[in-house]
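Novice: Let me begin by handing over the structure; questions about it come next.
The values are calculated or read from the model by the stated rules, or taken from the named source; none is laboratory data. Only a predicted model underlies this, so the values are computations on that prediction, with no experimental measurement involved. Virtual Cβ from ideal backbone geometry, glycine too; neighbours counted across all protein chains shown. Quick note on the areas: whole protein, heavy atoms, side chains included, nothing else; ligands and nucleic acids left out. Shrake-Rupley method; radii C 1.70, N 1.55, O 1.52, S 1.80 Å.
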Amino acid sequence: MDTHISKNFGHYKAQKASMGRSVIPSQNAGMGKTPSEPLYPETGRRLRLLRLAIHEMDNQRAFAELHGFSHSQWNNYELGVSRPKPDDALRIKQKFGVTTDWIYDGSEAMMPNWLLEKMAQIERGPATAPKRTRRAMA
């Protein structure tokens, strides 16, 4: 074991013994983020668009359960609180034909064009019909 690490760990063990509780710092210590703040907002945005494009389901719970994810797990993905672990990313890739590069960093290389177009359409929102003017009606 690295001496620096063992010295630091020994320091935390000593503090724990003197205080009666664990003081080992959390992974997010000093990052300024709370668990509810999105760490991966762009990954979440892409996965939400994927859900809407593939199944046109606004019901996140039904989509998650249909594809073997818990509702809270998929919700955290879409919120950007967490991102899919490699095994889950591979499952998403196999089920929906996306690439893991797209899931994690948004690379559109090797992505199906029809899916990219559908997601772009969803992101733009519903198409609005042009207003008819009096001149156009005549």
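Novice: Identify all residues within region 65-120 that are assigned to a loop (DSSP other than H, G, I, E, B), more than 20 Å from TYR40 (Cα to Cα) and in contact with a Gly (Cβ under 9 Å, 6 or more places away or on another chain); write none if there are none.
Specialist: MET111, PRO112
Novice: As an exercise: evaluate GLY80 against (1) open to solvent by 90 Å² or more (accessible area, probe 1.4 Å); (2) at pLDDT 95 or above; (3) not polar (S, T, N, Q) and give the number of the one condition it does not meet.
Specialist: Of the numbered conditions (1) open to solvent by 90 Å² or more (accessible area, probe 1.4 Å); (2) at pLDDT 95 or above; (3) not polar (S, T, N, Q), the odd one out for GLY80 is (1).
Novice: Can you tell me which residues in region 11-68 are at pLDDT below 50 and charged (D, E, K, R)?
Specialist: LYS13, LYS16, ARG21
Novice: Restricting to region 50-68, and then to whatever is surrounded by 19 or more Cβ atoms within 10 Å (Cβ to Cβ) and not small (Gly, Ala, Ser), can you tell me which residue is farthest from LEU115 (Cα to Cα)? Write out each step before concluding.
Specialist: Kept after step one, since they are surrounded by 19 or more Cβ atoms within 10 Å (Cβ to Cβ), are these residues of region 50-68: 50-51, 53, 63-64.
Imposing the further condition that a residue be not small (Gly, Ala, Ser) reduces the set to 50-51, 63.
Details: LEU50: 8, ARG51: 11, PHE63: 17 Å.
Filtering region 50-68 for residues that are surrounded by 19 or more Cβ atoms within 10 Å (Cβ to Cβ) and not small (Gly, Ala, Ser), the one farthest from LEU115 (Cα to Cα) comes out as PHE63.
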